1. Using a 10 Å cut-off on Cβ atoms, rank the peptides 44-50, 25-31 from the highest mean neighbour count down.
2. Neighbour counts of other C-beta atoms within 10 Å: give me K2, K40 arranged from fewest to most.
3. Please rank D8, D36, D18, fewest neighbouring Cβ atoms within 10 Å first, as an exposure proxy.
4. Tell me the label-point distance for the pair T11, V27, using the 7 Å Cα-to-Cβ offset, in nm and rounded to one decimal.
5. Treating the Cα atoms of segment 2-53 as identical point scatterers in vacuum, please give the log10 of the normalised Debye intensity I(q)/I(0) at q = 0.21, 0.24, 0.27 Å⁻¹, two decimals.
6. Using a simple charge model, +1 on the beta-carbon of Lys and Arg, -1 on the beta-carbon of Asp and Glu, nothing else, what dipole does segment 2-53 show about its Cα centre, in debye to the nearest 20?
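Just so it is clear, none of the values below were taken in a lab; they were calculated from the coordinates. Since the structure is predicted, the reported quantities are computational estimates derived from the model, not experimental observations. Cβ sites come from the backbone with ideal geometry, for glycine too, and all protein chains shown count toward neighbours.
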Amino acid sequence: MKVQYFPDTDTLYIELIDVPSVESEEVMEGIVLDYDKEGKVVGIEIERFTERFRREPAEIPLKLMPA
């Protein structure tokens, strides 16, 4: 897992596995999930990160797939 913060856009990116993403889905405003070719989540992008987490934790919905 790799976490990157981009201060110029206030974006946090969590790379869960080092696999290219082929599809992205905004699951709620400013939260984008990246999927690999098998439909597994490979990354999570959180826009306006400091604004979102300054107050209280946010829930990020994930689709869980059987292994």
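1. Details: 44-50: 16.7, 25-31: 12.7.
Most protected by this proxy first, the peptides run 44-50, 25-31.
2. Values: K2 10, K40 16.
Neighbour counts put them in this order, fewest first: K2, K40.
3. Working: D8 5, D36 16, D18 9.
Ordered by Cβ neighbours within 10 Å, fewest first: D8, D18, D36.
4. Each label point lies 7 Å from its Cα, and together they span 1.8 nm.
5. -0.71, -0.88, -1.02
6. Values: 5 positive and 14 negative charges, 36 e Å.
With Lys and Arg at +1 and Asp and Glu at -1, about 180 debye.
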